[in-house]
Amino acid sequence: MPITVDIDVMLARRKMSVGELADRVGITPANLAVLKNGRAKAVRFATLAALCEVLACQPGDLLRWEPEDGAEGSGEDTADG
C-alpha cells in the first residue's frame, strides 16, 4: 500500500507507549496496533484528529504517501499527455 503510517516515530519522539496513546485517544491497543502496523484499510477523521491532538502533530506527521514499486516513471497520470 502506498500510504505509510509513522505513528511509531511520533510515539518515540513523545516517549509514549502504545497503551498510553490508545487510552488517551480512546481506542483499543489492538486497533491502534492495526493502524500503526499499516494493516488498516481506513481511518476515521475523528480518530486521526484525536491522534494529532494527543501527539501534538499534524496528519502529515503520521501518514505519508510513497509510490508503489513500478509506479514511478510509468508515464501514467501525467498532465501533459
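For region 1-21, which positions are free of Cβ contacts under 8 Å to residues at least 60 places away in the same chain and either of a type in the set (Ser, Thr, Tyr) or touching a Phe, Trp or Tyr at 6+ places or on another chain (Cβ under 6 Å) (or both)?
Listed by number, the list holds a single entry, SER17.
Taking region 3-12, which residues are outside any helix (DSSP H, G or I) and open to solvent by 30 Å² or more (accessible area, probe 1.4 Å)? Can you show your working first?
Residues of region 3-12 outside any helix (DSSP H, G or I): 3-6.
Residues satisfying the conditions are ILE3, THR4.
Would you confirm whether or not region 63-73 contains a residue that is part of a helix (DSSP H, G or I), modelled with pLDDT of 95 or more and surrounded by 10 or more Cβ atoms within 10 Å (Cβ to Cβ)?
no
Return a yes/no flag: does region 13-20 have any residue that is modelled with pLDDT under 95, of a type outside the set (Asp, Glu) and surrounded by fewer than 13 Cβ atoms within 10 Å (Cβ to Cβ).
no
The values are calculated or read from the model by the stated rules, or taken from the named source; none is laboratory data. For clarity, every value in this text was computed on a predicted model and none was experimentally measured. Positions of Cβ are backbone-derived with ideal geometry, glycine not excepted, and every protein chain shown enters the neighbour counts. Ligands, DNA and RNA are excluded from the accessible area calculation, which covers all protein heavy atoms including side chains. Shrake-Rupley method; radii C 1.70, N 1.55, O 1.52, S 1.80 Å.
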